[in-house]
2 protein chains.
Amino acid sequence: MIQKLISGIVRTGAPIVVGLDPMLSYIPEHITKEAFATYGETLRGAGEAIWQFNKGIVDAVCDLVPAVKPQIAMYEQFGIEGLIAYERTVRYCKEKGLVVIGDIKRGDIGSTSEAYAVGHLGKVKVGAKEYAGFDEDFATVNPYLGSDGVMPFIRVCQEEHKGIFILVKTSNPSSGEFQDRKVDGRPLYELVGEQVARWGCECMGDTYSYVGAVVGATYPEVGKTLRRIMPKSMILVPGYGAQGGKGADLVPFFNRDGLGAIVNSSRGIIAAYKQEKYASFGSENYADASRAAVLDMKEDIASALAMRM
Amino acid sequence: MIQKLISGIVRTGAPIVVGLDPMLSYIPEHITKEAFATYGETLRGAGEAIWQFNKGIVDAVCDLVPAVKPQIAMYEQFGIEGLIAYERTVRYCKEKGLVVIGDIKRGDIGSTSEAYAVGHLGKVKVGAKEYAGFDEDFATVNPYLGSDGVMPFIRVCQEEHKGIFILVKTSNPSSGEFQDRKVDGRPLYELVGEQVARWGCECMGDTYSYVGAVVGATYPEVGKTLRRIMPKSMILVPGYGAQGGKGADLVPFFNRDGLGAIVNSSRGIIAAYKQEKYASFGSENYADASRAAVLDMKEDIASALAMRM
């Protein structure tokens with residue numbers, strides 16, 4: 001799957017993942033109106049609105065990008081009905097040829113981590129049969145519990161030819177509270193990065209490992225250091241756009257081969273029609289606005305990378 | 001809700017939470033057989049078997065303990081159908097008067113953490129209506145992302161009079177990889193514990209805070225230190241029984257008032273009938289074996305605490 005992701009990046013020229021993190025407030029009224037007319041102002045109605053909204057965006061951008069990253073929390077808040085919309089979104093994106101990174105940030109220990117891994121990346125046994133639960137291609141994983149929490153994911157990835165991105169340095173303002181604490185003079189995130197690199201070496205695709213890392217665009221200097229510590233790990237970079245990261249900030253996350261990083265944008269793409277810049281599309285054409293935002297982001301990253309060359 | 005938990009502990013004399021972490025291999029054949037006869041060897045069949053198994057245990061132990069802790073991973077591995085069984089279990093346990101601690105170990109940033117908090121502890125808005133998604137009483141939270149990840153949970157807890165347990169030192173063998181790393185000469189878990197204590201002071205019930213901590217029974221010395229650092233935080237203690245923790249190991253986790261800790265046992269209770277000690281119950285009477293295991297655990301903890309007095 002790491003090869004599919006990399007060849008997708010090369011084919012599209014866009015190291016971009018579209019974050020499908022729908023809030024009801026992002027969804028144009030014509031969609032919520034129709035969903036509520038059919039199912040009422042219910043959890044099911046919300047799930048339907050989210051699904052229709054996602055479908056519009058996926059149809060509009062699927063030829064431009066290699067991957068999407070649905071954030072499961074945005075679905076889970078609507079309970080079972082929200083998770084049905086999540087599952088439907090994952091399945092549809094895969095049908096469209098997109099690589100699906102489930103942003104689930106799970107992490108537990110032993111058999112519990114294994115259950116998460118099985119439920120999201122693998123197959124669960126029921127009697128003599130096997131079933132895939134959510135069936136994403138990649139998942140994000142929280143490393144706080146150590147190897148016991150991560151190894152079950154790696155084992156399932158090996159079997160299923162899938163991959164993970166481990167949280168190393170997150171994009172949020174308070175990420176430093178624990179991640180930046182100095183251990184023998186070096187920030188904790190470097191130690192986590194070194195561990196990711198070790199795990200990654202055991203899990204190589206052709207050129208990159210299928211054990212990657214999450215490092216926020218909001219910390220480009222950190223990105224530079226971690227890029228060096230984890231040369232073979234693909235870095236998933238959140239925090240571009242709405243969170244403040246710009247094209248120029250992204251350069252340190254890439255290797256000299258122009259690969260090694262994939263940049264997420266969520267709100268900046270899926271709610272593009274709400275920005276002044278794309279307002280002329282109108283809410284009816286929200287998906288076209290998203291397409292325009294992807295093209296602009298692609299251009300922004302490409303120029304920044306070209307300047308380095 | 002923290003008061004309900006504490007008064008439940010006092011009423012039952014059992015600072016015990018039953019971990020409802022069902023694996024299909026724990027479930028007696030008569031239950032799986034009937035579930036598969038109705039729904040086939042499907043995800044729905046698995047969900048039904050889990051639900052029936054849980055119901056039997058809850059009916060057998062609900063007068064003995066104040067709380068249960070379903071581990072959502074064990075349900076999530078069966079996809080949507082597993083999560084339906086989770087939701088059903090949560091609802092049933094609440095009907096039975098039990099406090100439900102959702103072991104979800106979620107944690108993200110800003111609006112995403114808020115979505116998790118809303119989905120598990122709060123209410124989500126759909127148009128003019130509000131709905132509770134999973135509606136547990138407490139949730140476990142991963143602190144790796146810092147305050148941005150935790151504060152949204154605390155805000156929802158304040159509104160809903162619910163609570164959280166933050167992972168500080170987990171019970172697994174590799175928990176030390178990051179949690180024990182020395183920051184200015186002190187292990188990271190102490191800094192996380194101090195932060196939990198600070199958050200906790202702002203969030204007091206009558207005697208204890210509704211911001212608690214998770215500290216594994218397998219590290220009693222650590223428990224002693226963290227008990228001191230977080231005097232007002234309830235400590236949720238996993239790792240008793242199957243993971244190796246014994247009654248005597250638990251003493252340091254309690255305050256002198258005999259409160260301040262609640263000890264989880266999962267496999268040791270829900271799969272008790274598989275142990276030699278309780279084998280005479282037979283798989284048909286698995287729930288009675290679970291009841292006996294709870295009574296033995298209560299006795300084990302009470303004697304250990306009595307020895308300290």
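The values are calculated or read from the model by the stated rules, or taken from the named source; none is laboratory data. All of these numbers come straight from a predicted model, not from anything done at the bench. In this analysis, Cβ positions are derived from the backbone assuming ideal geometry, glycine residues included, and neighbour counts consider all displayed protein chains. Remember, those area values only see protein heavy atoms, side chains included, never the ligands or the DNA or RNA. Shrake-Rupley method; radii C 1.70, N 1.55, O 1.52, S 1.80 Å.
Between a first residue in region B:122-135 that is at the interface with chain A (Cβ under 7 Å from one of its Cβ atoms) and a second residue that is surrounded by fewer than 20 Cβ atoms within 10 Å (Cβ to Cβ) and part of a loop (DSSP other than H, G, I, E, B), which pairs have beta carbons less than 7 Å apart while being 6 or more apart in sequence or on different chains?
Taking only residues 6 or more apart or on different chains, the pairs are B:V126/A:E41; B:V126/A:T42; B:G127/A:E41; B:A128/A:E41; B:K129/A:E41; B:Y131/B:K123.
Could you say which residue among B:S265, B:S174 is among the hydroxyl-bearing types (S, T, Y) and away from every other protein chain (no Cβ under 14 Å)?
B:S265
Kindly indicate the residue of region A:108-127 that is touching a Leu at 6+ places or on another chain (Cβ under 9 Å) and assigned to a loop (DSSP other than H, G, I, E, B) and also most open to solvent (accessible area, probe 1.4 Å) among those meeting that condition.
The initial filter retains those residues of region A:108-127 that are touching a Leu at 6+ places or on another chain (Cβ under 9 Å), namely A:108-109, A:113, A:124-127.
Now restrict to residues that are assigned to a loop (DSSP other than H, G, I, E, B): A:108-109, A:127.
Numbers: A:D108: 4, A:I109: 30, A:G127: 47 Å².
By that ranking, first place goes to A:G127.
Just the residues that are open to solvent by 10 Å² or more (accessible area, probe 1.4 Å) and of a type in the set (S, T, N, Q), please, taken from region B:47-83.
B:Q52, B:Q77
Does B:Y86 satisfy the condition of being crowded, with 24+ Cβ neighbours inside 10 Å, in contact (Cβ under 8 Å) with a residue 24 or more places away in the chain and either more than 11 Å from chain A (Cβ to nearest Cβ) or hydroxyl-bearing (S, T, Y) (or both)?
Values: crowded, with 24+ Cβ neighbours inside 10 Å: yes; in contact (Cβ under 8 Å) with a residue 24 or more places away in the chain: yes; either more than 11 Å from chain A (Cβ to nearest Cβ) or hydroxyl-bearing (S, T, Y) (or both): yes.
For B:Y86, the condition - crowded, with 24+ Cβ neighbours inside 10 Å, in contact (Cβ under 8 Å) with a residue 24 or more places away in the chain and either more than 11 Å from chain A (Cβ to nearest Cβ) or hydroxyl-bearing (S, T, Y) (or both) - is met.
Looking at (1) touching a strand residue (DSSP E or B) at 6+ places or on another chain (Cβ under 8 Å); (2) outside any helix (DSSP H, G or I), which one does B:V58 not meet, given that it meets all the others?
Every listed condition holds for B:V58 apart from (2).
Hey, can you tell me all the residues within region B:1-22 that are aliphatic (A, V, I, L, M) and either open to solvent by less than 30 Å² (accessible area, probe 1.4 Å) or at pLDDT below 95 (or both)?
Scanning region B:1-22 gives B:M1, B:I2, B:L5, B:I6, B:I9, B:A14, B:I16, B:V17, B:V18, B:L20.
Restricting attention to region A:89-107, which residues are open to solvent by 10 Å² or more (accessible area, probe 1.4 Å) and away from chain B (no Cβ under 11 Å)?
A:R91, A:Y92, A:K94, A:E95, A:K96, A:G97
Give the residues of region A:179-194 that are in a helix (DSSP H, G or I), free of Cβ contacts under 8 Å to residues at least 12 places away in the same chain and open to solvent by 10 Å² or more (accessible area, probe 1.4 Å), sorted by residue number.
Answer for region A:179-194, where residues must be in a helix (DSSP H, G or I), free of Cβ contacts under 8 Å to residues at least 12 places away in the same chain and open to solvent by 10 Å² or more (accessible area, probe 1.4 Å): just A:L191.
State yes or no: is B:P187 over 16 Å from B:G146 (Cα atoms) and within 14 Å of another protein chain (Cβ to nearest Cβ)?
Yes, satisfied.
Out of curiosity, is B:R228 more than 14 Å from every other protein chain (Cβ to nearest Cβ), free of Cβ contacts under 8 Å to residues at least 24 places away in the same chain and not small (G, A, S)?
Yes: the conditions hold for B:R228.
In region A:239-267, what count of residues is obtained for those that are assigned to a helix (DSSP H, G or I), at pLDDT below 90 and either polar (S, T, N, Q) or open to solvent by less than 20 Å² (accessible area, probe 1.4 Å) (or both)?
Total satisfying the criteria: 2.
Restricting to region B:41-83, name every residue that is facing chain A (nearest Cβ under 7 Å) and closer than 26 Å to B:K298 by Cβ.
Within region B:41-83, B:Q71, B:M74 qualify.
Cβ-Cβ below 6 Å, separation at least six or inter-chain, first residue in region B:140-164 and within 13 Å of chain A (Cβ to nearest Cβ) and modelled with pLDDT of 95 or more, second part of a helix (DSSP H, G or I) and open to solvent by 10 Å² or more (accessible area, probe 1.4 Å): which pairs?
Listed pairs, sorted by first residue: B:P152/B:E114.
Can A:A304 be described as modelled with pLDDT under 95, open to solvent by 40 Å² or more (accessible area, probe 1.4 Å), aliphatic (A, V, I, L, M) and at negative phi?
no
Quickly run through region A:16-55 and pick out the residues that are assigned to a strand (DSSP E or B) and of a type in the set (A, V, I, L, M).
Those that are assigned to a strand (DSSP E or B) and of a type in the set (A, V, I, L, M): A:I16, A:V17, A:V18, A:L20.
If you scan region A:209-226, which residues turn out to be open to solvent by 10 Å² or more (accessible area, probe 1.4 Å), in contact with a Gly (Cβ under 7 Å, 6 or more places away or on another chain) and closer than 29 Å to A:P152 by Cα?
Across region A:209-226, the qualifying residue is only A:Y210.
Inspect all residues belonging to region B:149-158 and state whether any of them is part of a strand (DSSP E or B), within 19 Å of the chain's Cα centre (by Cα) and surrounded by 22 or more Cβ atoms within 10 Å (Cβ to Cβ).
no
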